[in-house]
Every structure is written in C-alpha cells, then in structure tokens.
Amino acid sequence: MSDPIPEDIFPGEFPGEVHMSLVEHLEELRRRVLRSLLAVVVGAAACLLAVRPLVRLLEVPAEGIRFLQLAPGEFLFVSLKVAGYAGLTLALPYVIFEVLAFVLPGLTRRERRLVAPAVAGSTVLFAAGLAFAWWALVPAALRFLVSYGADVVEPIWSIERYLDFVLLLMVATALAFQLPVLQLLLGALGLIDWRTMLGAWRWVVLVAALAGAVLTPSTDPITMLLLTGAITALYLLGVALVALAEGLRPSPSPSA
C-alpha cells in the first residue's frame, strides 16, 4: 500500500482523500454501478405496478385520438419501456449520489463547493425540462400533426409509436435544459467568462436551431421553434448566472 501524501504538500487541498490501488478503485466502481443499476431496477419494478395510470397520463395530450395495439404483446413491451423510463427518473437522485460518492475524494475544496449547487440546479432543470415538454412541446406538436392531415386521414395511432414520440421528446428536452449548469461549471472553473459566452450568441442561435431539429422526433416547425427558443433562453440564463458568479467572486487583494 502506498504511503499517504505528506500534509505539507498542498495542505488541505484534497480533504478526506483516500489512497487506493487501481484494483480497489475498479472494485469500488463496480459496487457503485451495481447498486445504481439495482436502484433503477427497483424503481422500474415499482413503476410497473402502476404502469396503466402512467400510460393514461401520457395519453392525455392526445385528446380524441384512438390508440391501437398493432402486434401481439405490443402493450406489454410498451409497459416495460414506460416503467423503465419512470424507474430511471425515480432512481436518478440515488445514481447521482453514487457518482458523487465515487468522485468526491479526488476533488479539491473549491471543486467540492460546486457540487451541491450543480446537482440541485441539474435536478430542478431536468424537472423543468420534462414539464416544459409535457405542457408546451408535446401538445403543440400533436396539434400540428393532427390538423395537418385531418381532412384526409383519421388519426388512429399505434400506442408504441406514440409513446416513443412522447418519451423521446420529454427526455431530449430535459437533457437540453442542463445547458445553464454546464455553463456555470465552466465559468466557475475559469475555463470561459460571460463576455465570451455572450459574444457567441449568433452561433448559439444557429446551434439551438439545429438541436431543435435533431432533438424533436417530429418534423413540425412549431415544436422546433419552441425548443430552439427555449435553448436560446437557457443559454442567456447561463450567461447571466456566470456573470453573477463572477461579480460575487472576491477580488484579489492588492500586493503590498
């Protein structure tokens, strides 16, 4: 076993640091991954018991649409998929806890101070992304897609295709809502400042438009415009947070 690092080298920079061999690190990583997977499985199993109310809830935005099971066992596979997404969402806080427990011993005091705000902000923004997709993007997309061919075809949809559409759109939106957290971390670590971020706003609008086209499973312009506007607004929010963090940062004391 290797000797501990002397305290006079970077004193207090890595509080509570644990010295482990590579094999011990891999073994700890394996245990934490297995526990995280177990939490997801338990969450999915619990959601599977209530999967019918969850499916009915996901059907709410599609008012007046009839859903069909087009193949034997389609609803069974749909139920497993919905329970898996819901279980992953429920287990996400525990998974984040396991990740933090693994990486925290290797972080400096300054980096540790960023962990709690980043996790809290990421959780809030993930929930906000799901809500935004549920109340804005999904209804807007469905209204456009239904009205486009209403005078030609009767909308009778596959339950699997519909839920794939809704779940993908909600998860993609929730992930896109993590942008301000990423900006705040980059700014706090000194990798980029808010002036540089603000100066790149034209490129951000372009990338947001491309992301809106790629992340939305439908091709309707309304959904893409809503997601593009949301990503751009989130980017500007991230710029404001970085500017605020830089303004609150204590200025270095003048040299004698």
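Descriptive notes on the structure:
- Extension gain, Trp135-Leu186: 0.36 nm per intervening residue step, less the Cα-Cα distance, totals 15.3 nm.
- Interchain or long-range residues, amide H under 5 Å from Ser158's placed H: Leu68
- Gain on full extension, evaluated as 0.36 nm per residue between Arg143 and Val42 minus their Cα-Cα distance, stands at 32.8 nm.
- Taking label positions 7 Å along the Cα-Cβ direction at both Arg35 and Ala120, the computed distance is 2.4 nm, reported to one decimal.
- Per residue, the convex hull spanned by the Cα atoms of the stretch 22-246 measures out at 141 cubic angstrom.
- The phi-based Karplus calculation (6.51 cos²θ - 1.76 cosθ + 1.60; θ = phi - 60°) puts the 3J(HN,Hα) values of the stretch 113-123 at 5, 7, 5, 4, x, 5, 5, 4, x, 5, 5 Hz, whole numbers, x for Gly and Pro.
- Spin-label proximity, Ile222 to the stretch 115-137 - amide N less than 18 Å from point 7 Å beyond Cα toward beta carbon: 132-137
Quick note: the coordinates plus some simple rules give every number you see, no bench work behind them. As the structure is a prediction and not an experimental result, all values here were calculated from the model. Neighbour counts are summed over all protein chains in view; Cβ atoms, including those assigned to glycine, are modelled from backbone coordinates with ideal geometry.
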